[in-house]
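Student: First the structure, then my questions, so here it is.
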Amino acid sequence: VLPFAFAQLVTAFFDFNETELSLIESLEYGVSKINYNPLMVGLTLIHTAGAKGAVCLDGTLPGYHWHRGYGSGANSWLIQLEGGGWCNNIRTCVYRKKTRRGSSTYMEKQIPFTGILSEKAEENPDFFNWNRVKLRYCDGASFTGDSENKGAQLQFRGQRIWLAAMEDLMSKRMRYANQALLSGCSAGGLAAILHCDEFRGLFPRTTRVKCLSDAGLFLDAVDVSGGHTIRSLYSGVVGLQGVQHNLPRICTNHLNPTSCFFPQNVINHIRTPLFILNAAYDSWQIQSSIAPPSADPHGYWHDCRLNHAKCSASQLRYLQGGYVMTMQLIMWQPIAIAVGDWYFDRTAVKVVDCPYPCDKTCHNLVFR
């Protein structure tokens, strides 16, 4: 497990559209917005999924976007699991099923492939000609739930969607892959961790298989009021969506299911090589987990929560001390090169940037 600190923007509860997210991904890989001319890839619905009960929250078919590999990458596969937060109660799930995060009816028919999905060798040097797949997220539990609520007409079938998608892709020659990489961002990054060993199990031992979690290391952190905001959220997700049956048994044998939805309690047991890319100053985790409004009734953290430049010295010490306690200062290097070096075993990668605000090149989103 290789920690890597970077100013990644987590989209968990923020409703970025796909174009905005892709621009962010492009910035992370050093691509100029001026030259933004991405490959647009169409949506493929998984027609065999319905018979398996593998459906989105509203019962519609799940789907993915696939750009075929060619040349040296014809038998190499990169799967990216889409992120987009969670729903932890009937109200939020009913709202979600009327959006692209809960129904393929509302999904874009085409999305841009940028960053690690890009077909441009100059910005994606190691994976540009691989089979590149983006699996759409429409369940609200990081592809792990399996239950339903008939009264609210909600289907919580994330685990089935995962299995149906993998079965469909295996039938489209992924079974013959000589190299495979499972990746994901935000809630999809959490899914990439939870499904990492399952993904490894799809292939022969001779296939090189690894996993990449981008901004998916959500911590069981204490908020500024001494409470556990994100644990309460995850408890709702796990209980409502029947997640407990699909979590790694090596974890649930000694911890409760909610604890096993936190990557920190799972990653040490994962046998497949795993690359963790995460921000010490993750926008979503600070705003919704560390210093949410519910834990800050007097607004002491309001300005800091929206703009790190407005954090007081004591607030920065809090973030750098408790929240960033797992990070050690080493050095910096570009993400695209680091991921490629790690995947192809060209060099070991364990890179952590210096504490904010020492690196003036860090990309930071300011909320108003």
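Student: For the range 35-63, name all the residues that are among the hydroxyl-bearing types (S, T, Y) and touching a Ser or Thr at 6+ places or on another chain (Cβ under 6 Å). If you could, list the steps in order and put the result at the bottom.
Tutor: Residues of the range 35-63 among the hydroxyl-bearing types (S, T, Y): 36, 44, 48, 60.
Result: T60, single match.
Student: Let me ask you something else. Restricting to the range 243-269, name every residue that is in a loop (DSSP other than H, G, I, E, B), farther than 17 Å from D146 by Cα and open to solvent by 30 Å² or more (accessible area, probe 1.4 Å).
Tutor: Result: N253, H254, L255, N256.
Student: Could you tell me whether any residue of the range 30-52 is touching a Cys at 6+ places or on another chain (Cβ under 9 Å), within 19 Å of A165 (Cα to Cα) and modelled with pLDDT of 50 or more?
Tutor: No.
Student: Looking at (1) within 28 Å of M40 (Cα to Cα); (2) within 13 Å of the chain's Cα centre (by Cα), find the lone condition where L194 falls short.
Tutor: Only one criterion is unmet by L194, namely (1).
Student: Criterion first (in contact (Cβ under 8 Å) with a residue 24 or more places away in the chain and either basic (K, R) or within 19 Å of E82 (Cβ to Cβ) (or both)) does M170 satisfy it?
Tutor: So M170 does not fit the description; no.
Student: If you don't mind, another one. In the range 62-77, is there at least one residue being farther than 29 Å from A180 by Cα, touching a residue at least 60 places away in the same chain (Cβ under 8 Å), in a loop (DSSP other than H, G, I, E, B) and open to solvent by 10 Å² or more (accessible area, probe 1.4 Å)? If you could, list the steps in order and put the result at the bottom.
Tutor: Residues of the range 62-77 farther than 29 Å from A180 by Cα: none.
Scanning the range 62-77 turns up no residue that is farther than 29 Å from A180 by Cα, touching a residue at least 60 places away in the same chain (Cβ under 8 Å), in a loop (DSSP other than H, G, I, E, B) and open to solvent by 10 Å² or more (accessible area, probe 1.4 Å).
Student: Still on this model: Please verify whether the range 97-117 includes one or more residues that are under 25 Å from R200 (Cα atoms) and modelled with pLDDT of 95 or more.
Tutor: Yes, because at least one residue in the range 97-117 is under 25 Å from R200 (Cα atoms) and modelled with pLDDT of 95 or more.
Student: Quick test for you: out of F199, F156, pick the one residue that is within 19 Å of G53 (Cβ to Cβ) and buried (at least 18 other Cβ atoms within 10 Å of the Cβ).
Tutor: Residue meeting the stated conditions: F156.
Student: I'm checking my understanding of the structure. Among residues of the range 119-143 that are in a loop (DSSP other than H, G, I, E, B) and in contact with a strand residue (DSSP E or B) (Cβ under 6 Å, 6 or more places away or on another chain), which one is surrounded by the fewest Cβ atoms within 10 Å (Cβ to Cβ)?
Tutor: Kept after step one, since they are in a loop (DSSP other than H, G, I, E, B), are these residues of the range 119-143: 119-130, 136-143.
Narrowing further to those that are in contact with a strand residue (DSSP E or B) (Cβ under 6 Å, 6 or more places away or on another chain): 119, 127, 130, 136.
Working: E119: 18, F127: 26, W130: 27, R136: 27.
Residue satisfying both the conditions and the ranking: E119.
Student: Can you tell me which residue within the range 299-356, out of those that are among the polar types (S, T, N, Q), open to solvent by 20 Å² or more (accessible area, probe 1.4 Å) and more than 30 Å from V209 (Cβ to Cβ), is modelled with the lowest pLDDT?
Tutor: Q320
Student: Output the qualifying pairs, or none if there are none: Cβ atoms under 7 angstrom, residues six or more apart or on different chains, first residue in the range 208-229 and within 23 Å of N268 (Cα to Cα) and in contact (Cβ under 8 Å) with a residue 24 or more places away in the chain, second residue open to solvent by 40 Å² or more (accessible area, probe 1.4 Å) and not in a loop (DSSP other than H, G, I, E, B).
Tutor: Listed by first residue and then by second, the contacts come to V209/R200; L219/Q264; D220/R231; D220/Q264.
Student: Next up: I'd like the residue in the range 270-298 that is open to solvent by 10 Å² or more (accessible area, probe 1.4 Å) and among the charged types (D, E, K, R) and, out of all such residues, is farthest from the chain's Cα centre (by Cα).
Tutor: D296
Student: Here is a further query. What do you reckon, is G184 modelled with pLDDT under 95, closer than 28 Å to C56 by Cα and open to solvent by less than 10 Å² (accessible area, probe 1.4 Å)?
Tutor: Taking the combined requirement at face value, the residue does not satisfy it.
Student: When only residues in the range 42-61 that are among the small types (G, A, S) and touching a residue at least 12 places away in the same chain (Cβ under 8 Å) count, which is surrounded by the fewest Cβ atoms within 10 Å (Cβ to Cβ)? Steps first, answer last, please.
Tutor: Here is the first cut: in the range 42-61, the ones among the small types (G, A, S) are 42, 49-51, 53-54, 59.
Narrowing further to those that are touching a residue at least 12 places away in the same chain (Cβ under 8 Å): 42, 49, 53-54, 59.
On the way: G42: 12, A49: 24, G53: 14, A54: 25, G59: 16.
Selected residue: G42.
Student: Report whether or not L240 is buried (at least 21 other Cβ atoms within 10 Å of the Cβ) and part of a helix (DSSP H, G or I).
Tutor: In short, yes.
The values are calculated or read from the model by the stated rules, or taken from the named source; none is laboratory data. These figures come from a predicted structure and were not determined experimentally. Virtual Cβ from ideal backbone geometry, glycine too; neighbours counted across all protein chains shown. Remember, those area values only see protein heavy atoms, side chains included, never the ligands or the DNA or RNA. Shrake-Rupley method; radii C 1.70, N 1.55, O 1.52, S 1.80 Å.
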